[in-house]
Every structure is written in structure tokens, then in C-alpha cells.
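Visitor: Please see the structure below; I have some questions.
The values are calculated or read from the model by the stated rules, or taken from the named source; none is laboratory data. From a predicted model like this one, the values you see are computed outputs, not experimental measurements. Cβ placement follows ideal geometry from the backbone for every residue including glycine, while neighbour counts extend to all protein chains displayed. These accessible areas exclude ligands, DNA and RNA; they are computed on the full protein's heavy atoms, side chains included. Shrake-Rupley method; radii C 1.70, N 1.55, O 1.52, S 1.80 Å.
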Amino acid sequence: MPIARFDYSGRHALVTGGTSGIGLGIARGFADAGATVTAVGFGADAAEPHPGIAFAEADVTDQAQLDAIVAACPRIDAVVTCAGIIRRGDEHDPDVFAEVVDVNLTGTMRTLVACKPRLVESGGAAVGIASILTWAAGPLVPGYSASKGGVKQLVQSLATAWAPEGVRVNAIAPGWTATPLTDPLRADPERTRMIMDRVPMKRWAEPADFAGAALFLCSDAAAFITGATLAVDGGYLAD
Ligand code: NAD
């Protein structure tokens, strides 16, 4: 079966965490579907160029920086919040816990609040990035897991609050994905074996695996879907 095609010509997408990994994969997906894209994150100068994508440096813990990015967008039809960090082993320290939550969860809230008026104008939609650790425990990463559980609840709450204004808010929950965030795991053959034993489809996701779900959730094909968190995980949560 061919992959479904979406036409985002004349539309603009804002992707946080768009300089690397899953965010970059999603930004490329929107650009390849005809959108112009603002991809925000760290290392914007070093990000691999792609037609249709303008990279911008901004920190999602800084509301003023986000507001400036949003103001510079010509319009916003889709926003995807991929900016995220993990601090394996250190997140039992409440300060590190708070830092992770500030980027992953409060950063999502800051971004969505900044974008909301533009989404009301365009009739656009938002997608947050949760995780399989939205549901599964993360003994080494309590801050990460709590933040990702929070993303699911946040999109449900904003979806409900913003539905009367025509703004849909959903989330994607990625499974284990080959990005810099999982470099230490993929460098460890024993961890890789344990993870792959648990993934029914027996491979790491690639960043491009999430573009279809993001384009779908922001499109009219998903016109009656809001408040949902869609697992894209090779069957991990089903097992
Ligand atoms: P990555 O490290 O490749 O990308 C993270 C992105 O977030 C980068 O663009 C980085 O610059 C940006 N970022 C980090 N802190 C930021 C900040 N304060 N302000 C602005 N941008 C910031 O990692 P990834 O795996 O692509 O992760 C993307 C999202 O996907 C994260 O939310 C992560 O939790 C989630 N996720 C990843 C996996 C996985 O297995 N890789 C699984 C589930 C969910």
C-alpha cells in the first residue's frame, strides 16, 4: 500500500525539537507535503538543511523566546512539540526532576499557549509528544515518565478547553526510536537486546516513522479526533 499523501501547500508548521531526531523527521514530513516549516531547538545552525524548513534557535523554557518565534511565523496551521530531554539515573534529584519536567511538560504548555491564537485564526491543530513511558514505569527516569504522563493529560485538558474555538490537540506516543536521545542505549548490546525482545516489530523506530501520524492528526482527515494519544511503537504497548 502506498503511504497516504497529505497536501500542506500554503500551510505553515511549527515544530519544537525540530533540529534533531523525531522533531526533524516530522518537520521534513510537513515540508515534503508542501508546508513551510519553522523548526525550533538547540543547534539550529548545525541542523541538516532541508527544502522548506527554516531552523531557529529557541529554548522552550523561555516564554519570551517562544513568543518571538511564534510572532515571526507567517501563520500557524500545525504545531508539534517535540522538544525533550532525559537525564537517565539523575532524575531522583528533585532539581533534575524539575528541569526535565520544565522542558518536556511545561515547555509543551508554553508552546501551545503561545500558538493558540494563531491556531484559532487558522483552524489549525496541535500535537504533543508523549512516550511509551506515559504508561510504563521509568525507574531510572521518574521525571521523564512523569512529564510524559503529563503530556497525555495536558492534551486531553487543552483539547477539551479549546474544542469550542475549533482547535484540536492530540499527542503521539513514540516507541523506542533511533535518535541521539537513545544513543547510550543503542551503544549497549545488552540493553538493545532487552529492548528489542519487548518490541513486537523487532526494530528501532526511525524519525520518519512519526511523520505520517503527525500529518494525519493535523489534517482534516482527523477532523473529529481531539484529546487522543496515539501510540506509534511497533506494538510495544499492545504486548
Ligand atoms: P533528540 O535529542 O534527537 O531531539 C531533542 C530535540 O529537543 C532537539 O531538537 C533539541 O535541540 C530539543 N531541545 C531539547 N531541550 C530543548 C529546550 N530546552 N528548548 C528547545 N529545544 C530543546 O531526541 P528525540 O528522541 O528526537 O526526542 C524528541 C521527543 O521525542 C522528546 O520529547 C522525547 O522525549 C520523545 N521521545 C523519544 C523517544 C526515543 O526513543 N527517542 C521515545 C519516546 C518519546
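Visitor: Answer with yes or no whether VAL103 is open to solvent by less than 10 Å² (accessible area, probe 1.4 Å) and of a type in the set (Val, Ile, Thr).
Guide: no
Visitor: Considering the stretch 160-201 alone, what residues qualify as being in contact (Cβ under 8 Å) with a residue 60 or more places away in the chain, among the aliphatic types (A, V, I, L, M) and either surrounded by fewer than 21 Cβ atoms within 10 Å (Cβ to Cβ) or in a loop (DSSP other than H, G, I, E, B) (or both)?
Guide: Of everything in the stretch 160-201, those that are in contact (Cβ under 8 Å) with a residue 60 or more places away in the chain, among the aliphatic types (A, V, I, L, M) and either surrounded by fewer than 21 Cβ atoms within 10 Å (Cβ to Cβ) or in a loop (DSSP other than H, G, I, E, B) (or both) turn out to be ALA163, LEU181.
Visitor: Another question about this same structure. Would you please name the residue that is nearest to the chain's Cα centre (by Cα), looking only at residues in the stretch 25-49 that are outside any helix (DSSP H, G or I) and free of Cβ contacts under 8 Å to residues at least 24 places away in the same chain?
Guide: Checked the stretch 25-49; the qualifying residue nearest to the chain's Cα centre (by Cα) is PHE42.
Visitor: Based on what the data block shows, is ALA27 within 24 Å of ALA221 (Cβ to Cβ), within 14 Å of the ligand (Cβ to nearest atom) and modelled with pLDDT of 95 or more?
Guide: yes
Visitor: Restricting the stretch 35-46 to residues that are open to solvent by less than 50 Å² (accessible area, probe 1.4 Å) and not β-branched (Val, Ile, Thr), which is farthest from the ligand (Cβ to nearest atom)?
Guide: Step by step, filter the stretch 35-46, then rank; the result is ALA35.
Visitor: Filter the stretch 47-70 for residues that are near the ligand (Cβ under 10 Å from one of its atoms) and loosely packed, with under 15 Cβ neighbours inside 10 Å; which is nearest to ALA31 (Cα to Cα)?
Guide: GLU57
Visitor: Of all the residues that make up the stretch 140-154, how many are open to solvent by less than 30 Å² (accessible area, probe 1.4 Å) and either more than 12 Å from the ligand (Cβ to nearest atom) or of a type outside the set (Phe, Trp, Tyr) (or both)?
Guide: The qualifying residues number 9.
Visitor: What single numbered condition from (1) within 17 Å of VAL169 (Cα to Cα); (2) open to solvent by less than 30 Å² (accessible area, probe 1.4 Å); (3) in a helix (DSSP H, G or I) fails to hold for GLY128?
Guide: With respect to (1) within 17 Å of VAL169 (Cα to Cα); (2) open to solvent by less than 30 Å² (accessible area, probe 1.4 Å); (3) in a helix (DSSP H, G or I), GLY128 is out only on (3).
Visitor: So which residues in the stretch 1-24 are closer than 21 Å to ASP220 by Cα, of a type outside the set (A, V, I, L, M) and in contact (Cβ under 8 Å) with a residue 60 or more places away in the chain, if there are any at all?
Guide: Result: PHE6, TYR8, ARG11, HIS12.
Visitor: Among what's in the stretch 71-104 and is in a loop (DSSP other than H, G, I, E, B) and out of contact with any helix residue (DSSP H, G or I) (no Cβ under 8 Å at 6 or more places or on another chain), pick the residue that is nearest to the ligand (Cβ to nearest atom).
Guide: Only one residue tops the list, namely GLY89.
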